[in-house]
Amino acid sequence: MGETIVNAREEILRRLGDAPADAAAYAALPRPYLRRHHDGDVVALFAERAADYRAEVRRIAAADLPGVLGELRGRYVAPDGLPEAWTAEVDVVRDDPPVSVAELDALDGVITGCAAAIAETGTVVLDHGPGQGRRALTLVPDHHVVVVEAARIAADVPEAIEGLSPERPLTFISGPSATSDIELSRVEGVHGPRRLTIVITDTPQEQSR
């Protein structure tokens with residue numbers, strides 16, 4: 001038994017040692033699996049699946065974004081790199097210098113962009129690049145408003161992963177934060193925002209990945 005465990009460990013370490021060390025070798029790895037399961041309207045599918053997770057979903061024209069965000073009531077934090085035109089009608093606090101956790105907790109919410117979105121799972125992906133901010137911004141405030149440009153929506157997980165950098169920290173968000181006890185009583189907002197609002201626009205990809 002002990003020898004089997006040792007051999008298994010050595011085999012795992014050997015495989016890790018054989019793993020490609022550079023991006024070109026990683027990209028050349030064979031991937032025979034199906035990359036996407038949907039060829040229809042992935043934007044509509046994403047909106048449907050995200051709503052299934054109890055996110056508030058709105059589809060709007062890019063030109064309407066400032067007005068739609070202007071409907072928010074209260075003060076919202078905006079990460080560095082978020083286009084100022086998006087929040088022209090919002091009472092925002094810029095996270096530069098970084099806002100303290102206590103101050104974040106006192107704000108009404110946060111507005112961010114995203115790196116990608118996945119239609120199959122209704123998931124928003126952050127890589128915490130420009131316009132997305134540090135993780136505390138999307139964990140502490142009670143309301144997370146995320147702008148999802150339609151061009152960033154991938155049909156399925158493999159397709160989305162291909163466009164993300166493995167060197168960046170990734171956060172996958174499917175609906176507002178929620179947990180259940182042993183009796184399956186759902187409680188939202190325990191580990192993150194109690195409300196998640198997804199605003200889907202046809203805005204072209206202006207943010208850096």
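Just a few scattered comments:
- Considering only residues in the stretch 23-61 that are among the aromatic types (Phe, Trp, Tyr) and part of a helix (DSSP H, G or I), the one that is modelled with the lowest pLDDT turns out to be 26.
- Some residue of the stretch 80-97 being under 25 Å from residue 159 (Cα atoms) and touching a helix residue (DSSP H, G or I) at 6+ places or on another chain (Cβ under 9 Å): no
- Residue check, residue 126 aliphatic (A, V, I, L, M) and under 21 Å from residue 70 (Cβ atoms): no
- The test for being at pLDDT 95 or above and either open to solvent by 70 Å² or more (accessible area, probe 1.4 Å) or among the β-branched types (Val, Ile, Thr) (or both) holds for residue 199.
- Leading residue by the ranking (nearest to residue 140 (Cα to Cα)) among those in the stretch 61-109 that are β-branched (Val, Ile, Thr) and without any contact (Cβ under 8 Å) to a residue 60 or more places away in the chain: 101
The values are calculated or read from the model by the stated rules, or taken from the named source; none is laboratory data. Every value quoted in this text rests on a predicted model; they were computed, and no experiment measured them. Cβ sites come from the backbone with ideal geometry, for glycine too, and all protein chains shown count toward neighbours. Just the protein is used for accessible areas: all its heavy atoms, side chains included, with ligands, DNA and RNA removed. Shrake-Rupley method; radii C 1.70, N 1.55, O 1.52, S 1.80 Å.
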